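Just so it is clear, none of the values below were taken in a lab; they were calculated from the coordinates. Fair warning: this is a prediction, and the values are worked out from it, not measured in the lab. Cβ sites come from the backbone with ideal geometry, for glycine too, and all protein chains shown count toward neighbours.
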Amino acid sequence: MDRCEEIKRKFNECSVSALLGITIDHVEEGLARGRMTVTRDHTNVFGGIHGGILFAFADQVGGACGNSMDYTALLVESIARFKKSAGVGDILYAEARLVHTRKKVDTVDITVTNGRSEVLALLKMTSYIVGNAAKTP
């Protein structure tokens with residue numbers, strides 16, 4: 001199994017993905033895509049998706065992207081811009097792209113959209129590079 005397929009498998013088998021219903025659909029070097037369906041358990045007191053759930057979804061897809069480069073990258077900083085909400089039954093899509101890498105840090109941009117291609121959130125995540133991804137348990 002190649003590195004990107006291994007990262008996809010690990011992130012799909014992760015307890016966070018199972019808990020939130022996240023599926024990582026695609027991983028290649030510097031790119032990951034995923035999806036999730038909003039359930040009642042994901043909503044805030046106003047009936048829209050909770051910001052923490054939306055962030056966790058983006059973080060999971062961003063993590064698959066950041067770890068696709070044959071190193072383990074651990075999130076150290078994130079900027080999130082929430083632009084629009086989503087409701088129960090909405091299918092969300094996230095695309096994460098590696099936009100910058102150095103010896104010890106990388107930066108991943110994540111866009112979260114709904115089924116109508118409306119942007120719900122834009123995130124920029126900076127991670128610290130700590131080791132080889134394929135060897136991380």
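Listing for the model above:
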| item | result |
| --- | --- |
| Estimated distance in nm for a label pair at Leu74 and Lys103, the labels positioned 7 Å out from Cα along Cα-to-Cβ | 2.0 |
| Sparsely packed chymotrypsin sites (Phe, Trp or Tyr not before Pro) within segment 4-57, loop by DSSP, other Cβ within 10 Å at most 14 | Phe46 |
| Diffusion coefficient, µm² s⁻¹, Stokes-Einstein with Kirkwood Rh over alpha-carbon pairs of segment 3-135 at 10 °C and 1.306 mPa s | 109 |
| Nearest 10 degrees, 0 to 90: helix 51-66 Cα axis against the chain principal axis | 30 |
| Amide hydrogen neighbours beyond the local backbone of Ala86, cut-off 5 Å, H modeled | Ile49 |
| Low-density loop positions, trypsin sites (Lys or Arg not before Pro), segment 47-137 - DSSP coil, at most 15 other Cβ in 10 Å | Lys83, Lys84, Arg102, Lys103, Lys104, Arg116 |
| The chain - mean residue ellipticity at 222 nm from DSSP helices (-39,500 (n - 2.57) per run, n ≥ 4, rounded to 500) | -7500 deg cm²/dmol |
| Added length on full extension, which subtracts the Cα-Cα distance from 0.36 nm per residue, Ile91 to Leu31 | 19.6 nm |
| 3J(HN,Hα) from dihedral phi, segment 5-15, Karplus parametrisation 6.51/-1.76/1.60, rounded to Hz, x for glycine, proline | 5, 5, 5, 4, 4, 4, 6, 6, 8, 5, 4 |
| Under-5 Å amide H pairs with Gly115, H placed in peptide plane, nonlocal only | Ile91 |
| Amide H contacts under 5 Å for Thr37, placed H, 5+ residues apart | Leu92 |
| Cleavage-rule hits (GluC sites (Glu not before Pro)) in segment 1-67: DSSP loop, at most 15 neighbouring Cβ within 10 angstrom | Glu29 |
